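Reviewing the structure listed below.
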């Protein structure tokens, strides 16, 4: 699977508000810059919530931080998905 198809899958997941899927796909990207830790940790928390709860982590907070990182990292894709969603 090439990066372009992964990016399209992230865009589609963002449009559908399927944040768990978007996080999991994005976590496989090599270059996430300053957003890497938040996205990867959120994706891991989605896959292994009981583990993160056992560490005393707030799963909802990890996910919301990861979603915010996705929106920031893929800002253009996020804006595009919102326009499609709103029919603009």
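Assorted remarks:
- A single member of 45, 68 is part of a helix (DSSP H, G or I) and more than 24 Å from residue 87 (Cα to Cα), and it is 45.
- Condition check for residue 41 on (1) surrounded by fewer than 16 Cβ atoms within 10 Å (Cβ to Cβ); (2) more than 9 Å from the chain's Cα centre (by Cα); (3) modelled with pLDDT of 95 or more; (4) on the phi < 0 side of the Ramachandran plot: one failure, at (1).
The values are calculated or read from the model by the stated rules, or taken from the named source; none is laboratory data. All values reported here derive from a predicted model rather than from experimental measurement. Neighbour counts are summed over all protein chains in view; Cβ atoms, including those assigned to glycine, are modelled from backbone coordinates with ideal geometry.
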